[in-house]
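A quick write-up on the structure given underneath.
The values are calculated or read from the model by the stated rules, or taken from the named source; none is laboratory data. Just so you know, these numbers come straight off a predicted model, no measurement behind them. Neighbour counts are summed over all protein chains in view; Cβ atoms, including those assigned to glycine, are modelled from backbone coordinates with ideal geometry.
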Amino acid sequence: MRAYADELREMFNRLQDEGLELHAQAKAVQATETSRDGLVSVTVGARGELVRLDLDPRIYRRPDARALADTIADTARRAAESAQRRVIEIFERVIPAEQFKAHLDGDVETVMAWLANDMGGGR
């Protein structure tokens, strides 16, 4: 238990020392992905929010609204995944990547399992 408390204290101190810089770096993250056909380009921010959407005029040659919507959604999803990976990489110096990803994904069960395991009381 003492070792875990020491580890948490060390992590907290590193976050306190580097937190503002890491936060600024993470907040500035943008990721751009292009659709497989090259006609759609999506840029998202650190949280996966849409920053820019570019559509090549050639999309109008095939007027298929459903296909275009699916292409935009898929490209945006891939861009959001890229942005999340970059944010995780930034914080990896102070928080293990798999733990940070679980937090970002809202995976409470995994987070609680790690906590219980680290405290020696795995369920």
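Things worth noting here:
- Top-ranked residue in the range 36-64 [being charged (D, E, K, R) and closer than 12 Å to Ala83 by Cα; ranked as surrounded by the most Cβ atoms within 10 Å (Cβ to Cβ)]: Arg47
Let's see how each residue does on (1) hydroxyl-bearing (Ser, Thr, Tyr); (2) out of contact with any helix residue (DSSP H, G or I) (no Cβ under 7 Å at 6 or more places or on another chain); (3) assigned to a helix (DSSP H, G or I):
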{"position": "Ala31", "(1), (2), (3)": "no, no, no"}
{"position": "Gly38", "(1), (2), (3)": "no, yes, no"}
{"position": "Ser41", "(1), (2), (3)": "yes, yes, no"}
{"position": "Val44", "(1), (2), (3)": "no, no, no"}
{"position": "Gly48", "(1), (2), (3)": "no, no, no"}
{"position": "Val51", "(1), (2), (3)": "no, yes, no"}
{"position": "Asp54", "(1), (2), (3)": "no, yes, no"}
{"position": "Tyr60", "(1), (2), (3)": "yes, yes, yes"}
{"position": "Leu68", "(1), (2), (3)": "no, no, yes"}
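- Residue check for Thr110: touching a Ser or Thr at 6+ places or on another chain (Cβ under 8 Å) and β-branched (Val, Ile, Thr): no
- Qualifying residue in the range 18-26 (condition: surrounded by 12 or more Cβ atoms within 10 Å (Cβ to Cβ) and of a type in the set (S, T, N, Q)): yes
- Failed condition for Ala97, given (1) closer than 30 Å to Ala5 by Cβ; (2) surrounded by 15 or more Cβ atoms within 10 Å (Cβ to Cβ): (2)
- Residue pairs meeting the criteria (Cβ under 6 Å; at least 6 apart or on separate chains; first under 30 Å from Leu104 (Cα atoms), in the range 39-65; second at pLDDT 95 or above and among the hydroxyl-bearing types (Ser, Thr, Tyr)): Val40/Thr71; Val40/Thr75; Ser41/Thr34; Val42/Thr75; Thr43/Thr32; Val51/Thr43; Arg52/Thr43; Asp54/Ser41
- Of the residues in the range 81-93, at least one is closer than 30 Å to Met11 by Cα, part of a loop (DSSP other than H, G, I, E, B) and modelled with pLDDT under 95.
- From the list Leu50, Leu39, the one residue that fits, being farther than 29 Å from Ile90 by Cβ and of a type outside the set (Ser, Thr, Tyr), is Leu39.
- Across the range 3-26, the number of residues qualifying as over 15 Å from Glu81 (Cα atoms) and under 16 Å from the mean Cα position of the chain (by Cα) comes to 4.
- Options Glu89, Glu33; residue that is within 11 Å of the chain's Cα centre (by Cα) and either crowded, with 17+ Cβ neighbours inside 10 Å or more than 30 Å from Arg2 (Cβ to Cβ) (or both): Glu89
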